[in-house]
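*Asks:* Take this structure first; my questions come after.
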Amino acid sequence: MGKTLDDAMKITNELVAEELGGLPKNKLHCSNLGADALHAAIEDYRKQQAAEKAEAHPEPDKCYCPYCDGPVDGLEAACTACNIELEECPHCGGLTKKGEEKCAKCGADLEPA
């Protein structure tokens with residue numbers, strides 16, 4: 001809980017077994033199913049998100065507001081469609097709402113303004 005998708009992808013079969021307090025060798029395969037299913041679900045989610053983004057954003061070179069999906073020309077101070085003040089995330093370079101604790105695009109913690 002509370003992990004980014006990238007952090008969740010780092011969860012290994014061994015880590016799951018360790019967090020369960022160790023398992024008998026004949027039951028280790030059960031813990032492997034958990035990490036494998038988590039990784040498959042994250043990959044599926046990312047594929048779906050990429051497909052939806054490609055469909056919603058037919059011009060990939062343009063910037064889009066992460067809140068209303070409206071087009072943003074250059075690095076504007078605010079989205080012209082929803083009037084949210086935007087700033088660039090120092091971690092991923094994506095746009096996020098000014099003053100937010102986490103980036104809307106990558107989920108990284110942001111410094112308070």
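*Asks:* Name every residue in segment 89-112 that is open to solvent by less than 100 Å² (accessible area, probe 1.4 Å), farther than 17 Å from Leu5 by Cβ and either modelled with pLDDT under 80 or not in a loop (DSSP other than H, G, I, E, B) (or both), in order of residue number.
*Replies:* Hits for segment 89-112 are Leu95, Lys97.
*Asks:* Further question: Of the residues Lys47, Lys53, Lys25, Lys62, which is surrounded by fewer than 14 Cβ atoms within 10 Å (Cβ to Cβ), over 20 Å from Lys3 (Cβ atoms) and either touching a Phe, Trp or Tyr at 6+ places or on another chain (Cβ under 6 Å) or modelled with pLDDT of 80 or more (or both)?
*Replies:* Among Lys47, Lys53, Lys25, Lys62, only Lys25 is surrounded by fewer than 14 Cβ atoms within 10 Å (Cβ to Cβ), over 20 Å from Lys3 (Cβ atoms) and either touching a Phe, Trp or Tyr at 6+ places or on another chain (Cβ under 6 Å) or modelled with pLDDT of 80 or more (or both).
*Asks:* I'm checking my understanding of the structure. Among residues of segment 7-18 that are in contact with a helix residue (DSSP H, G or I) (Cβ under 9 Å, 6 or more places away or on another chain), within 30 Å of Ala104 (Cβ to Cβ) and not in a loop (DSSP other than H, G, I, E, B), which one is least open to solvent (accessible area, probe 1.4 Å)?
*Replies:* Ala8
Yes or no, residue by residue, for (1) part of a helix (DSSP H, G or I); (2) under 23 Å from Cys106 (Cβ atoms); (3) touching a residue at least 12 places away in the same chain (Cβ under 8 Å):
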| residue | (1), (2), (3) |
| --- | --- |
| Gly2 | no, yes, no |
| Gly22 | no, no, no |
| Ala37 | yes, no, no |
| Ala41 | yes, yes, no |
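The values are calculated or read from the model by the stated rules, or taken from the named source; none is laboratory data. A quick note: this is a predicted structure, and the numbers were derived from the prediction, not measured. Cβ coordinates were reconstructed from backbone atoms using ideal geometry, including for glycine residues, and neighbour counts include every protein chain displayed. Note: areas computed on protein heavy atoms with side chains; ligands, DNA, RNA excluded. Shrake-Rupley method; radii C 1.70, N 1.55, O 1.52, S 1.80 Å.
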